[in-house]
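J.: Have a look at the structure that comes next, please.
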Amino acid sequence: MPEINVLVVDDIANTREDVKRLLYFEDDITVIGEAADGEEAIAMAASLKPDVILMDINMPKMDGIQATENIANSCPECSIIIVSIQGEQEYLRRAMAAGAREFLVKPFSGNELAEVIRRVYESNRKRLSLMGLQSQASPRIKIQKGKIITLFCSKGGVGKTILASNLAIALAQTTKKKVVLVDLDLQGGDIGVMLNITIKGTIAELAQEVDPLDISLVDSYLLPHLSGAKILPAPLSPEQAELITLQRVEELLQVLQENFDYVVVDTSPLFNDINLAALDAATQILVLLSQDLPCVKHVKTTMDILTTLGYTDKIKLVINSAGMEGGIKITDLEKSFNQSAFAVIPYDEKVVRSSINKGLPAVMTQANSKIGEAILDLATKLAGSKSDSNENQAEEIPKRSLIGRLFSF
Ligand SMILES: Nc1ncnc2c1ncn2[C@@H]1O[C@H](COP(=O)(O)OP(=O)(O)O)[C@@H](O)[C@H]1O
Ligand SMILES: [Mg+2]
């Protein structure tokens, strides 16, 4: 078992004692130092090089967020877990942006604390070794990379899956290029049902393969659709989602991007580590919005977080189910988000329902319907769009992924 060295940062001596007591009987975890403010934390992180830092937020001299930002940059081997009594969105966002990997809200048990420490340590270790391998194995070889289009909204039921399926198929049909559709809604993905495909293996089995993911292995799990697109379905049961690690998903997206022209990713309505990987890898993020207030609220928070993460340039706002009676006006939505909609997909219950029931996407069977036309237009626009960083990415040297600065919860 590896020994995990921990630095405890908190201005209250009693709290530091409590944490040490909670970890006392964990044989693989050792508290190697304590700091009482942000400045001390930075100095001790540099001299002790702990594996994990437990960081309080509110402290004199320098707060935990500022210290996190400094340490995340200067000491990538240290994983920082923010420990706070406050679980508000604002702290969460700032901690994420500063480079924390986890966020632990007091009170917590010794088991919970030890588990988080082990998880964070393990995932950082894997990430570092992967980065090491990558930087040795892939010098400046120009690898052609496709576009990753991730559809996201932190609210469910806005049409991510309908649009992702139709868009992938529209791209395959209109561009005749290589397209893959990945169902990353690991607990509730229903692309398989929507497209009526017979599922053999899923991403769950693929993620458990012991061999490194190369294209021939990945391809053996991709299901061909009659449109020409390939599909990687979500696990058949929700509990299998746990078998899929962040590292595997990052590897998978990389392999797909190197071998397909378009990788369309459907997501779950959560800010979890898997979705963050899909957002990070994306060349374009389609943020879905419908014309109702709850969705507007979700999308506001989504935009805030995506902006904090530095994704502003790749965000495209897509209004779905447009034209429903009583909906907020599109112009008002555009004003409120301070950007115009990249696409507006109309509401069409009849076409959508019949396409779902037949297992045939609207863009194939009812391409002349308004919704079919709108999605085909969206595909054409995305195919022609140069607003992504595709070319730059082709020669990019492996960098510390943003996802590495984030945490899962
Ligand atoms: N443009 C649309 N017109 C009509 N119904 C739609 C439209 N988009 C989505 N829906 C309906 O909303 C439901 C949820 O869509 P889905 O794609 O599963 O959402 P999500 O993946 O965001 O949870 C679908 O079953 C469909 O009936
Ligand atoms: Mg869905």
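The values are calculated or read from the model by the stated rules, or taken from the named source; none is laboratory data. A quick note: this is a predicted structure, and the numbers were derived from the prediction, not measured. Cβ: placed from backbone, ideal geometry, glycine included. Neighbour counts: every protein chain shown.
J.: Restricting to the stretch 160-173, give me the number of residues that are more than 22 Å from residue 317 (Cα to Cα) and hydroxyl-bearing (Ser, Thr, Tyr).
T.: Matching residues across the stretch 160-173 total 0.
J.: Let me ask something else about it. Determine whether the stretch 267-276 contains at least one residue that is exposed (fewer than 15 other Cβ atoms within 10 Å of the Cβ), modelled with pLDDT under 95 and in a helix (DSSP H, G or I).
T.: No - not one qualifying residue is present in the stretch 267-276.
J.: Is it fair to say residue 171 is closer than 25 Å to residue 367 by Cβ and either touching an Asp or Glu at 6+ places or on another chain (Cβ under 9 Å) or at pLDDT below 95 (or both)?
T.: yes
J.: Would you please list the contacts, defined by Cβ atoms under 7 Å and residues six or more apart or on different chains, that run from a residue in the stretch 154-165 that is touching a residue at least 24 places away in the same chain (Cβ under 8 Å) to a residue that is near ligand 2 (Cβ under 9 Å from one of its atoms) and of a type in the set (Val, Ile, Thr)?
T.: 160/267; 161/191; 165/191
Rundown of residues vs (1) aliphatic (A, V, I, L, M); (2) more than 14 Å from ligand 1 (Cβ to nearest atom); (3) free of Cβ contacts under 8 Å to residues at least 60 places away in the same chain, yes/no style:
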{"site": "324", "(1), (2), (3)": "yes, no, yes"}
{"site": "328", "(1), (2), (3)": "yes, yes, yes"}
{"site": "358", "(1), (2), (3)": "no, no, no"}
{"site": "363", "(1), (2), (3)": "yes, no, no"}
{"site": "369", "(1), (2), (3)": "no, no, yes"}
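J.: Right, next: Among the residues of the stretch 133-140, is any of a type in the set (A, V, I, L, M, F, W, C), farther than 30 Å from residue 320 by Cβ and modelled with pLDDT under 90?
T.: Scanning the stretch 133-140 turns up at least one residue that is of a type in the set (A, V, I, L, M, F, W, C), farther than 30 Å from residue 320 by Cβ and modelled with pLDDT under 90.
J.: Does the stretch 170-185 contain any residue that is within 21 Å of the chain's Cα centre (by Cα), away from ligand 2 (no atom under 11 Å from the Cβ) and under 20 Å from residue 240 (Cα atoms)?
T.: Within the stretch 170-185, one or more residues are within 21 Å of the chain's Cα centre (by Cα), away from ligand 2 (no atom under 11 Å from the Cβ) and under 20 Å from residue 240 (Cα atoms).
J.: So residue 321 fits all but one of (1) within 16 Å of ligand 2 (Cβ to nearest atom); (2) in contact with a strand residue (DSSP E or B) (Cβ under 6 Å, 6 or more places away or on another chain); what number is the exception?
T.: Going through (1) within 16 Å of ligand 2 (Cβ to nearest atom); (2) in contact with a strand residue (DSSP E or B) (Cβ under 6 Å, 6 or more places away or on another chain) one by one, residue 321 breaks only (2).
J.: Please work out if residue 218 is more than 16 Å from ligand 1 (Cβ to nearest atom), within 22 Å of the chain's Cα centre (by Cα) and touching a residue at least 60 places away in the same chain (Cβ under 8 Å).
T.: No, not satisfied.
J.: Just to check your reading of the model, which residue among 246, 279 is aliphatic (A, V, I, L, M), touching a Ser or Thr at 6+ places or on another chain (Cβ under 7 Å), within 30 Å of residue 329 (Cβ to Cβ) and more than 15 Å from ligand 2 (Cβ to nearest atom)?
T.: Among 246, 279, only 279 is aliphatic (A, V, I, L, M), touching a Ser or Thr at 6+ places or on another chain (Cβ under 7 Å), within 30 Å of residue 329 (Cβ to Cβ) and more than 15 Å from ligand 2 (Cβ to nearest atom).
J.: Continuing with the same structure: Residues to consider are 46, 67; find the one that is without any contact (Cβ under 8 Å) to a residue 60 or more places away in the chain, assigned to a helix (DSSP H, G or I), out of contact with any Leu (no Cβ under 6 Å at 6 or more places or on another chain) and crowded, with 22+ Cβ neighbours inside 10 Å.
T.: 67
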